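Colleague: This is the structure, below, for whatever I ask next.
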Amino acid sequence: MHVLFDNHNFALFRDGFLGTLELTVLSGLLALVLGVLLAAFRVSPVPPLRIFGTVWVNVLRNTPLVLLFFAVVFGLPKIGISLDYFTFAVLALGCYTASFVCETVRSGINTVPLGQAEAARSLGMTFGQTLRLVVLPQAGRTVISPTGSILIALTKNSAIAGAFNVGELYSVMKTWNELGYQIFWIFLWVAVAYLVITFAISGLFRALENRLAVAR
């Protein structure tokens, strides 16, 4: 148990925890924004947008995340896009998770009765207005819980960033292991840190779901 309090280990653990938290928050925000936009593309009446959304989802959902990290970290600099490893990790995690958010939001859109969209169009609303003012507010209520599960999975997927020189909990585990500490205590403290983040996400989305629930 002393692994957490030896030398500067607590500072290293704190930095790793904050790194994972920051990576989760930024990647999650990117995934939510991009996922909703892709869902709008997939139900759009414009064929090129539907094709773009479909290709994005099918390609990224079926690509191993590690392979996507390699493509982003080593591929983007080849075409002149040079960023720090943390930003690369946010892009990889956010774009990958956005494909899952997209399908979740799209499934929520499909639960909204078609007559509501038709009524909105009969009032002169454009597709964008119908989606923003009528469909998404209703669809959002039905996808809160699955979206929370996706972000919890994102938190655990963020460990891959530690293999690409990003300071987070997995990199802390590697450092402690190299220093010879007992693996049980290493796994215990890292697992506790991940549980704190995932329980916080779960509690947040549960509270949001209860707040937006419609009385039946």
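The values are calculated or read from the model by the stated rules, or taken from the named source; none is laboratory data. Computed from a predicted structure; not experimentally measured. Virtual Cβ from ideal backbone geometry, glycine too; neighbours counted across all protein chains shown. Just the protein is used for accessible areas: all its heavy atoms, side chains included, with ligands, DNA and RNA removed. Shrake-Rupley method; radii C 1.70, N 1.55, O 1.52, S 1.80 Å.
Colleague: For P45, indicate whether it is more than 24 Å from Q138 (Cα to Cα) and open to solvent by 40 Å² or more (accessible area, probe 1.4 Å).
Modeller: no
Colleague: Something else: Here is a list: I186, I201. Which entry is open to solvent by less than 80 Å² (accessible area, probe 1.4 Å) and farther than 21 Å from A163 by Cβ?
Modeller: After ruling out the rest, the residue left standing is I201.
Colleague: Another question about this same structure. Based on what the data block shows, is G115 in a helix (DSSP H, G or I) and within 25 Å of the chain's Cα centre (by Cα)?
Modeller: no
Colleague: What number of residues within region 74-109 satisfy the criterion of being touching a residue at least 12 places away in the same chain (Cβ under 8 Å) and over 18 Å from the mean Cα position of the chain (by Cα)?
Modeller: Residues meeting the conditions: 2.
Colleague: Would you check which residues across region 161-181 are outside any helix (DSSP H, G or I), touching a residue at least 60 places away in the same chain (Cβ under 8 Å) and over 15 Å from F13 (Cβ atoms) and list them?
Modeller: N165, V166 - these are the residues of region 161-181 that are outside any helix (DSSP H, G or I), touching a residue at least 60 places away in the same chain (Cβ under 8 Å) and over 15 Å from F13 (Cβ atoms).
Colleague: Oh, and also: Say we look at region 123-137 and pick out the residues that are surrounded by 13 or more Cβ atoms within 10 Å (Cβ to Cβ) and of a type outside the set (S, T, N, Q); which of these is nearest to the chain's Cα centre (by Cα)?
Modeller: L136
Colleague: Tell me which of these F5 doesn't satisfy, since it passes every other one: (1) open to solvent by 10 Å² or more (accessible area, probe 1.4 Å); (2) in contact (Cβ under 8 Å) with a residue 12 or more places away in the chain; (3) not basic (K, R).
Modeller: Condition (2) is where F5 drops out.
Colleague: Which ones in region 143-160 are closer than 15 Å to C102 by Cβ, in contact with a Ser or Thr (Cβ under 7 Å, 6 or more places away or on another chain) and in a helix (DSSP H, G or I)?
Modeller: Hits for region 143-160 are P146, T147, I150, L154.
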